[in-house]
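These notes are about the structure you will find just below.
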Amino acid sequence: MSSSEPLVLGIESSCDETGVGIVRGHDLLANEVASSVEEHVRFGGVVPEVASRAHLQAIVPALRRACEKADVDLSEVDAIAVTAGPGLMGALVVGVAAAKALAVALDKPLYGLNHLVGHVAVDLLDHGPLPQPCAALLVSGGHTSLLAVNDITGDIVELGATIDDAAGEAYDKVARLLGLPYPGGPVIDRAAAEGDPTAIAFPRGLTASKDLVRHRFDYSFSGLKTAVSRWVETRRRDGLEVPVADVAASFQEAVCDVLTAKAVDACTHLGTTDILLGGGVAANSRLRTLLQERTAAAGITLRRPRPGLCTDNGAMIAVLGVEVVTAGLRPSSLDFGANSGLPVGTVLV
Ligand code: KG4
Ligand code: ZN
């Protein structure tokens, strides 16, 4: 580890995780995450006001813990990086306000960064410099996209995205209709391990040849969610037991089949032999395995961060901060606002 590499503090507060990460170069020094997920469980999804208040309570303790863990004094950091969007407005504002206060008090440069690009950048902590250009499959609770990453600090092109629900959202909704708790992704992942993925033939969205003309790299999961809902309702109406593990496994197979098939097709289209997997759903065991199998068969190298770095955290913002600092990009002006709809192509605000 060279001390000439930038030491960056990253703050993340776009949804229900308050994250503070400290990174030097590509070395992870601290990654403190305080989740308010327990407070949302009884509502079956994230309640924005509850998340905002939880960020306000958690942010300073998380910051203190991160500094202790990294054995870093705030005066030593070279830059502050913060998620500027996309995400829940009231939640983003807490992290942005904290980051601005730190930047002013410490007289450090501030970088307002894109959360989605952070999900891609986090792999640098596990596997070092990115092969660029490369493709990326970004799958989170709010977004599902196929990206051409030409330069992670400023040249990212979206090839396609979901036209309705995000993959994580589909997991969360299907879990809910199966009576499983929020967040549904990890619960379905576990339930599916006991089930038969071929038990029920659920639809694969936007894969028919007529859809591929206009939506070759786009996804759709709302039809799948409806199909699962109808299937479960029919069973219940007929007084039959719902085989939760089989439904979970068959649903998961439909999601992962389409995600991976289009990801491999995107690599072929781009002429790249490198793809990166990122976002909360990248923690999914079946997605990780199937994408590994299919990319390997196509001669493509897959990079996937360890599952613990896939869900929201501050380290992903800190390491993206390292990249923009190293690229010599200009810091954000102190009057920037949070942007709940920040497009993936805008890395730095
Ligand atoms: O990236 P993330 O932490 O937050 C957003 O930026 O949205 O993603 C959260 C999403 C949730 O929908 C959650 O159910 C899903 O990621 N997720 C998973 C798994 N772990 C988290 N989905 C499937 N399998 C998992 N193991
Ligand atoms: Zn996220």
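Some points to look at:
- Measuring with a 1.4 angstrom probe and ignoring ligands and nucleic acids, Asp265 comes out at about 50 Å² accessible.
- Against the chain, whose longest principal axis is taken from its Cα atoms, helix 222-237 shows a tilt of about 50°.
- Two-site FRET efficiency, Arg216 against Ala297, from Cβ-Cβ distance with R₀ of 25 Å, rounded to 0.05: 0.80
- Spatially close Lys pairs in the chain, defined by Cα atoms under 29 Å apart and a spacing of eight or more places or different chains, total 9.
- Considering only alpha-carbon pairs that sit under 8 angstrom and 6 or more positions apart, the relative contact order computed for the range 179-235 is 27 percent.
- Taking every alpha-carbon pair under 8 Å whose residues sit at least 6 apart, the chain reaches a relative contact order of 26 percent.
- Residue-normalised accessible area of the chain, given per residue in Å² at a 1.4 Å probe: 40 Å²
- Highest-first arrangement of 230-236, 55-61, 15-21, where packing means the average Cβ count within 10 Å: 15-21, 55-61, 230-236
- Calculated FRET efficiency for the pair Asp78/Asp335, C-beta based, R₀ 25 Å, to 0.05: 0.70
- Share of alpha-carbon pairs per 10 Å distance bin for the range 111-225, given as whole %: 12, 35, 33, 19, 2
- Here His115 sits with roughly 10 square angstrom of accessible surface, probe radius 1.4 Å.
- Calculated [θ] (222 nm, deg cm²/dmol) that DSSP helices of n ≥ 4 give over the chain, each run adding -39,500 (n - 2.57): -13500 deg cm²/dmol
- Extension gain from Glu233 to His127, taking 0.36 nm per residue of separation minus the Cα-Cα distance: 33.7 nm
- Cut-off 19 Å (backbone N to label point 7 Å along Cα→Cβ of Val41), residues of the range 9-28: 16-18
- Global form of the range 182-222, assessed from the alpha-carbon gyration tensor, a/c cut-off 1.5: oblate
- Against the chain, whose longest principal axis is taken from its Cα atoms, helix 285-297 shows a tilt of about 90°.
- Between helix 89-106 and the chain there is an angle of about 20 degrees, using the helix long axis and the longest principal axis of the Cα atoms.
The values are calculated or read from the model by the stated rules, or taken from the named source; none is laboratory data. Model, not experiment: these values are computed from the prediction. Cβ coordinates were reconstructed from backbone atoms using ideal geometry, including for glycine residues, and neighbour counts include every protein chain displayed. For accessibility, only protein heavy atoms count, side chains too; no ligands or nucleic acids. Shrake-Rupley method; radii C 1.70, N 1.55, O 1.52, S 1.80 Å.
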